[in-house]
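Below is one structure, written out as structure tokens, with a few remarks after it.
The values are calculated or read from the model by the stated rules, or taken from the named source; none is laboratory data. Since the model is a prediction, treat every value here as computed from it, not as a measurement. Note that we place each Cβ from the backbone using ideal geometry, even for glycine, and neighbour counts take in every protein chain shown. Heads up: the accessible areas ignore ligands, DNA and RNA and are worked out on the full protein's heavy atoms, side chains in. Shrake-Rupley method; radii C 1.70, N 1.55, O 1.52, S 1.80 Å.
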Amino acid sequence: MPIQTTSKIWHNGNLIPWEDANIHVMSHVIHYGSSVFEGIRCYGQPSGSAVFRLPEHMQRLLDSAKIYRMHIPFTLEELCAGVVDTIEANGVAPCYIRPIVLRGYGEIGVSPKGSPIEVYIANFPWGKYMPGGDGADVCISSWNRMAPNTLPALAKAGANYMNSQLIRMEADQNGYAEGIALDVNGLVSEGSGENIFVVRNGVLYTPPLANSALSGITRDSVLTLARHLGFTVIEQALPRELLYIADEVFFTGTAAEVSPIRSIDRIVIGEGKPGDVTRKIADEFFGIANGLKPDRFGWLTPVKVSAAEPVTV
Ligand SMILES: Cc1ncc(COP(=O)(O)O)c(C=O)c1O
């Protein structure tokens with residue numbers, strides 16, 4: 001779906017017109033992939049709208065930048081305020097928010113010294129990412145996630161998404177909704193843009209971050225919700241074949257939210273429809289995000305835009 005434009009984009013502390021948020025083709029980021037970014041959702045509430053886990057996302061942005069020695073000249077509070085200001089200036093909610101920090105126009109050498117840091121925040125409407133219904137038909141990718149100590153998986157860096165694109169394009173090409181990547185040792189890692197959870201005999205499993213997975217904010221939310229619902233949750237390395245014999249498998253992510261998986265490599269998972277554990281966790285997640293259940297973990301930041309309808313139901 002083409003990006004739906006809005007009116008303003010936040011650039012280094014100021015709101016500028018959407019069409020003026022351009023960079024030069026000789027910018028460092030264009031040649032060397034030097035960017036870190038976030039993806040955040042703002043949900044409709046019974047009265048107004050609210051951003052889901054805004055400080056956690058902006059802290060991850062600061063962390064990603066720190067790994068790449070990018071100095072962001074704004075505090076966590078200023079970045080969070082920038083997101084709220086952008087949404088309110090555009091009057092668009094529910095929406096998806098895309099903060100991005102990049103190395104701009106300066107020098108052409110690989111060394112980023114001499115290329116300025118630019119910070120942008122955009123927001124725009126964006127609906128469901130994964131097919132709904134009974135779940136997505138996905139595959140195991142022939143591409144692995146980045147090996148440890150190559151491209152750091154904990155940094156949400158633009159360059160990592162070249163790997164994600166390989167996974168996603170291969171899945172598309174072969175008629176699947178998404179690909180699940182293994183790590184360099186053949187253990188389950190994550191989707192091209194989602195973390196993964198497995199349910200077997202009532203226990204919830206997810207790979208630890210050391211299996212080259214991003215520290216997903218939705219992953220963290222699901223771990224918290226599952227524990228509060230009384231499920232046993234285990235973060236452990238998962239062999240590929242455990243996916244095929246699981247009772248339930250689902251993806252989590254800001255774009256994908258909580259998305260059940262119906263089949264993997266054409267092997268039907270469980271009964272081929274969302275299982276009880278997935279449904280209970282999804283109900284809690286969407287209930288809180290959409291303001292229909294109490295925000296008992298303090299995950300919502302209100303914004304002053306009245307929402308016509310929630311992004312998800
Ligand atoms: C590679 C990858 N893994 C996991 C996730 C899920 O992270 P989050 O729940 O913070 O959106 C994303 C999306 O940001 C991602 O791109």
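A few points about this structure:
- Long-range neighbours under 6 Å by Cβ, at least six apart or interchain, first residue at positive phi and of a type outside the set (A, V, I, L, M) within the range 210-225, second open to solvent by 10 Å² or more (accessible area, probe 1.4 Å) and within 11 Å of the ligand (Cβ to nearest atom): 212/145; 212/146; 212/153
- Filter result (on the phi > 0 side of the Ramachandran plot and within 16 Å of the ligand (Cβ to nearest atom)) within the range 254-284: 257
- Hits in the range 142-171 - residues which are away from the ligand (no atom under 12 Å from the Cβ), in contact with a strand residue (DSSP E or B) (Cβ under 9 Å, 6 or more places away or on another chain) and of a type in the set (S, T, N, Q): 142, 144
- Filtered by the rule that a residue be open to solvent by 40 Å² or more (accessible area, probe 1.4 Å) and within 16 Å of the ligand (Cβ to nearest atom), the range 230-239 gives a lone residue, 235.
- Whichever residue in the range 116-141 is under 23 Å from residue 242 (Cα atoms) and assigned to a strand (DSSP E or B) and, among such residues, is farthest from the ligand (Cβ to nearest atom): 137
- Looking at 274, 208, just one residue is under 30 Å from residue 150 (Cα atoms), at pLDDT 95 or above and open to solvent by 20 Å² or more (accessible area, probe 1.4 Å), and that residue is 208.
- Counted residues, the range 31-75 - those being more than 16 Å from the ligand (Cβ to nearest atom) and either of a type outside the set (Gly, Ala, Ser) or in a helix (DSSP H, G or I) (or both): 13
- When 29, 25 are checked against the criterion of being open to solvent by less than 50 Å² (accessible area, probe 1.4 Å), of a type in the set (A, V, I, L, M) and out of contact with any Pro (no Cβ under 7 Å at 6 or more places or on another chain), 29 stands alone in meeting it.
- Residues that are open to solvent by 30 Å² or more (accessible area, probe 1.4 Å), of a type outside the set (D, E, K, R) and assigned to a strand (DSSP E or B) are absent from the range 167-186.
- Filter result for residue 16 (surrounded by fewer than 21 Cβ atoms within 10 Å (Cβ to Cβ), among the aliphatic types (A, V, I, L, M), modelled with pLDDT of 95 or more and not in a helix (DSSP H, G or I)): yes
- Here residue 280 clears all of (1) within 26 Å of residue 41 (Cβ to Cβ); (2) assigned to a loop (DSSP other than H, G, I, E, B); (3) of a type in the set (D, E, K, R) except the condition numbered (2).
- Qualifying positions in the range 240-253 - closer than 13 Å to residue 196 by Cα and either surrounded by fewer than 20 Cβ atoms within 10 Å (Cβ to Cβ) or not hydrophobic (A, V, I, L, M, F, W, C) (or both): 240, 242, 248, 252, 253
- Residue in the range 207-229 that is more than 11 Å from the ligand (Cβ to nearest atom), in contact with a Lys or Arg (Cβ under 8 Å, 6 or more places away or on another chain) and among the aliphatic types (A, V, I, L, M) present: yes
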